[in-house]
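Undergrad: Quick one: the structure is below, questions incoming.
The values are calculated or read from the model by the stated rules, or taken from the named source; none is laboratory data. Since we're looking at a predicted model, the values are computed, not measured. When we count neighbours, we look across all protein chains shown, and the Cβ atoms used for this are built from the backbone with ideal geometry, even at glycine. The protein model used for the area step is the full one, side chains on, heavy atoms only, and it has no ligands, DNA or RNA in it. Shrake-Rupley method; radii C 1.70, N 1.55, O 1.52, S 1.80 Å.
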Amino acid sequence: MTLWGGGHAEPPADALWRFTVSTADRRLLADDVAGSLAHVRMLRAAGLVDEYEVVDLVDGLERIAAEAESGDFAWADTDEDVHTAVERRLGELVGEVAGKLHTGRSRNDQVALDIRLYLRRAAGERIDGLRGLAAALVGQAEAAEERVVASYTHLQQAQAVPLGHHLLAHAWALRRDTERFADCRRRLDVSPLGAGAGGGSSLPLDPAAVAKELGFAATFDNSLDAVAARDVVAEYAFCCAQAMAHLSRLAEELVLWATAEFGWASFADAYTTGSSALPQKKNPDVAELARGKAAAAAGAVVALLGLQKGLPLAYNRDLQEDKEAVFGADDALAGALEALTGMVATATLDPPPPSPWVTAYDLAELLVERGVPFREAHEVVGRLVADVAADGRTLADLAPLEPVAVHDSFESGDVQFADPPVSIRRRRTPGGGSFDSVRDQIAALREWLGG
Ligand code: ARG
């Protein structure tokens, strides 16, 4: 069934039908019905349906809502889209009065409403999911106690840091992702219903009443913009894509950490897959797929920007394509969050200590504290490192007087600082890689997570 055709002398060609029908919007069913219920109540208040008609319409829509909820809603191949399917079903349930549902409304403002309702709710779910993964990282950071690892730049060991510091770096990124979703949700929280086909209506509609019933913070200011705008959909996709990029970075490290070469992590059997050929394998496929799905999520942002660019105002059918893009990115994030959270929460982290070379910077800072210019300290420690390495030794093998021999500001007791855990104890930068900082970060993140 179509919601049009009066002016068409021929039925739709099969090729047109196959190409234009939308099924990606079927997940909007419950939101479409919720929007219609609010619309019908507003029509009653405006005197556009009578007291009997409203009872039938509400009753029919509530039955459709129940069918949506139970999964019993029967789609027909002849439904052009979700909006058509609801109106078709309403007609089956309540008869001719169903024809009043579309009073003062177009699918243009209807679909804009539905996607906002859906994404507003999804944003809350994704925020919860991101918090869940952050909580798993905080739990691992807490369990890591005073375990020390190398931090890396250029994937070369750089400075010693608490393992917890490294894990929490990911948690802070996830926290920003939640803020991004919350911010996007504010812009989603505007109702477009009442904009109609784009120009508004001559009927006494009350967009504010519909917005209020659906819990929107505001209504549209310009009806053309209300039906044409998809910036919030693109923004939502970006929130997903950026979060997926963060998950992907974490995932890449999980993959690396589980290698025999790194040996930092092993994962619960329930969160690894086997190899069909190699019996010994426990593969980190969850992490790899999180990394892989980040690619298409980034692609969704590009698709949604391309969709808007060059579109004349206001509604164009191109906009139907927004759903596949944004739902794809959102589904990827939802799935990756669920699986990665389990993988991280159940991981065993047992990283080897970093090489003593990671204390070189701390040794240079000892000299700086004693008044030596940093450039000179860098040079001196660089020489010391080169000499020790030339002997096939590391900084841990330094004899007490060796540093003193390269610079008289060194003291014989300084060799103790060539030990990574000892060098960490000298760190004092707020937010830096010290045990105190990790404790503070855990407290701050726990407070954000609600205790
Ligand atoms: N299925 C359409 C979409 O997703 C609904 C709006 C259709 N409007 C129209 N004028 N054909 O965008």
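Undergrad: Tally the residues that are basic (Lys, Arg) and surrounded by fewer than 20 Cβ atoms within 10 Å (Cβ to Cβ), restricting the search to segment 89-111.
TA: 1
Undergrad: If you don't mind, another one. If Phe19 passes every condition in (1) closer than 18 Å to Gln320 by Cα; (2) within 16 Å of the ligand (Cβ to nearest atom); (3) open to solvent by less than 80 Å² (accessible area, probe 1.4 Å); (4) in a helix (DSSP H, G or I) but one, which one does it miss?
TA: (3)
Undergrad: For Ala98, state whether it is away from the ligand (no atom under 16 Å from the Cβ), without any contact (Cβ under 8 Å) to a residue 60 or more places away in the chain and over 31 Å from the mean Cα position of the chain (by Cα).
TA: Criteria met by Ala98.
Undergrad: Also: In segment 24-60, which residues are within 15 Å of the ligand (Cβ to nearest atom), crowded, with 19+ Cβ neighbours inside 10 Å and of a type in the set (D, E, K, R)?
TA: Of everything in segment 24-60, those that are within 15 Å of the ligand (Cβ to nearest atom), crowded, with 19+ Cβ neighbours inside 10 Å and of a type in the set (D, E, K, R) turn out to be Asp25, Asp31, Asp32.
Undergrad: With a cut-off of at least 3 residues that are closer than 30 Å to Met244 by Cα, open to solvent by 30 Å² or more (accessible area, probe 1.4 Å) and in contact with a Cys (Cβ under 7 Å, 6 or more places away or on another chain), name the helices (runs of 4 or more DSSP H) lying wholly within segment 334-410.
TA: Result: empty, no element qualifies.
Undergrad: Residues in segment 112-168 that are open to solvent by less than 10 Å² (accessible area, probe 1.4 Å), out of contact with any Leu (no Cβ under 6 Å at 6 or more places or on another chain) and either at pLDDT below 95 or within 16 Å of the ligand (Cβ to nearest atom) (or both): how many?
TA: Number satisfying all stated conditions: 2.
Undergrad: Would you check if Ala251 is under 17 Å from Leu137 (Cα atoms) and surrounded by 19 or more Cβ atoms within 10 Å (Cβ to Cβ)?
TA: Yes, satisfied.
Undergrad: Tell me, yes or no, whether segment 125-141 has at least one residue that is farther than 30 Å from Glu235 by Cβ and assigned to a loop (DSSP other than H, G, I, E, B).
TA: Scanning segment 125-141 turns up no residue that is farther than 30 Å from Glu235 by Cβ and assigned to a loop (DSSP other than H, G, I, E, B).
Undergrad: Let me ask you something else. Scanning segment 275-315 for residues that are part of a loop (DSSP other than H, G, I, E, B), open to solvent by less than 60 Å² (accessible area, probe 1.4 Å) and in contact (Cβ under 8 Å) with a residue 60 or more places away in the chain, which turns out farthest from Ile115 (Cα to Cα)?
TA: Ranking the qualifying residues of segment 275-315, first place goes to Leu311.
Undergrad: Which of the residues that make up segment 345-381 are touching a Leu at 6+ places or on another chain (Cβ under 6 Å) and aliphatic (A, V, I, L, M)?
TA: Ala377, Val381
Undergrad: Given (1) open to solvent by less than 70 Å² (accessible area, probe 1.4 Å); (2) over 30 Å from Val344 (Cα atoms), identify the lone condition not met by Thr272.
TA: Every condition holds for Thr272 apart from (2).
Undergrad: Determine which single condition Val326 fails, assuming it passes every other condition in (1) open to solvent by 10 Å² or more (accessible area, probe 1.4 Å); (2) within 16 Å of the ligand (Cβ to nearest atom); (3) not aromatic (Phe, Trp, Tyr).
TA: Among (1) open to solvent by 10 Å² or more (accessible area, probe 1.4 Å); (2) within 16 Å of the ligand (Cβ to nearest atom); (3) not aromatic (Phe, Trp, Tyr), the lone unmet condition for Val326 is (1).
Undergrad: What do you reckon, is Thr84 within 16 Å of the ligand (Cβ to nearest atom), of a type in the set (S, T, N, Q) and either touching a residue at least 40 places away in the same chain (Cβ under 8 Å) or surrounded by 14 or more Cβ atoms within 10 Å (Cβ to Cβ) (or both)?
TA: Criteria met by Thr84.
Undergrad: Okay, next question. Could you grab me the full set of residues in segment 221-241 that are open to solvent by 50 Å² or more (accessible area, probe 1.4 Å) and either within 18 Å of the chain's Cα centre (by Cα) or farther than 25 Å from Ala329 by Cβ (or both)?
TA: Asp221, Asn222, Leu224, Asp231, Phe238
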